[in-house]
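First the structure, in the form of structure tokens, and then the observations on it.
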Amino acid sequence: MTQRPERADAQRNRGAVLAAADALFAASSSPHSVSMDDIAAAAGVGKGTLFRRFGDRAGLIAAVIASRLEPLQQEVREAQDGAESPPRQRVADLLDLSLRFKIENRHLMSAAEDAGLSSPYQAEHYSWWHGTLGAELELVPGVHDPDYTAHALLAAIRADLVVYLIDGQEMEPEALRTSLAAYIDSVLG
């Protein structure tokens, strides 16, 4: 059975909901303070549209994260196509890019973990980061287990840790990036 193309009004509604949710989450100090009613009103749709389209709050948060990640993933794919830097540098660049994304989106990423998106390791965006990083680690000499190493390196930039260090410990984002670079060096030898 082939899937029918999405109706034009459904596409518009989806775009309006994602744009409204993205703007409200960005303007808020915490995505938890943004209600589904707030998002529906800002998007000009009924609350039922949100639930039919995204299932629940977790599904909406996941869709907003995916929409924010899409341009970043495209940038990574384009960089990989013309990759001239050594694999070790590409690993460091990928992790720094992911960390910068998490710093900029830390409250949304943390809300995704809190919203019941099950294990962060089962999230689509995590699988993409892990696969991309693992492929680069396979090219780094001396890495015994690229799959495990990718998981371990990504654990160092979990959203809850980023929130804790920046908001709880008042660590400057640049200091966190510098610490990550040193950690990568120590892991890769």
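Among the residues of the stretch 14-49, just one is at pLDDT 90 or above, of a type in the set (D, E, K, R) and touching a Lys or Arg at 6+ places or on another chain (Cβ under 9 Å), namely D37.
Taking the stretch 1-10 only, how many residues are open to solvent by 100 Å² or more (accessible area, probe 1.4 Å) and either in contact with an Asp or Glu (Cβ under 6 Å, 6 or more places away or on another chain) or modelled with pLDDT of 75 or more (or both)?
Summing the residues that are open to solvent by 100 Å² or more (accessible area, probe 1.4 Å) and either in contact with an Asp or Glu (Cβ under 6 Å, 6 or more places away or on another chain) or modelled with pLDDT of 75 or more (or both) in the stretch 1-10 gives 1.
Filter the stretch 84-119 for residues that are closer than 17 Å to A150 by Cβ and modelled with pLDDT under 85 and give the result.
Once the filter is applied, which keeps residues that are closer than 17 Å to A150 by Cβ and modelled with pLDDT under 85, the stretch 84-119 yields only S119.
Quick one: which of S85, S28, S67 is touching a helix residue (DSSP H, G or I) at 6+ places or on another chain (Cβ under 8 Å), open to solvent by less than 50 Å² (accessible area, probe 1.4 Å) and closer than 20 Å to H125 by Cβ?
That would be S67, the only listed residue that is touching a helix residue (DSSP H, G or I) at 6+ places or on another chain (Cβ under 8 Å), open to solvent by less than 50 Å² (accessible area, probe 1.4 Å) and closer than 20 Å to H125 by Cβ.
Per the conditions (1) at pLDDT below 95; (2) open to solvent by 70 Å² or more (accessible area, probe 1.4 Å); (3) under 20 Å from P86 (Cα atoms), the sole criterion not satisfied by T178 is (1). All told, S85 falls short of being polar (S, T, N, Q) and assigned to a helix (DSSP H, G or I).
The values are calculated or read from the model by the stated rules, or taken from the named source; none is laboratory data. Only a predicted model underlies this, so the values are computations on that prediction, with no experimental measurement involved. Virtual Cβ from ideal backbone geometry, glycine too; neighbours counted across all protein chains shown. Only protein heavy atoms, including side chains, enter the accessible area calculation; ligands, DNA and RNA are left aside. Shrake-Rupley method; radii C 1.70, N 1.55, O 1.52, S 1.80 Å.
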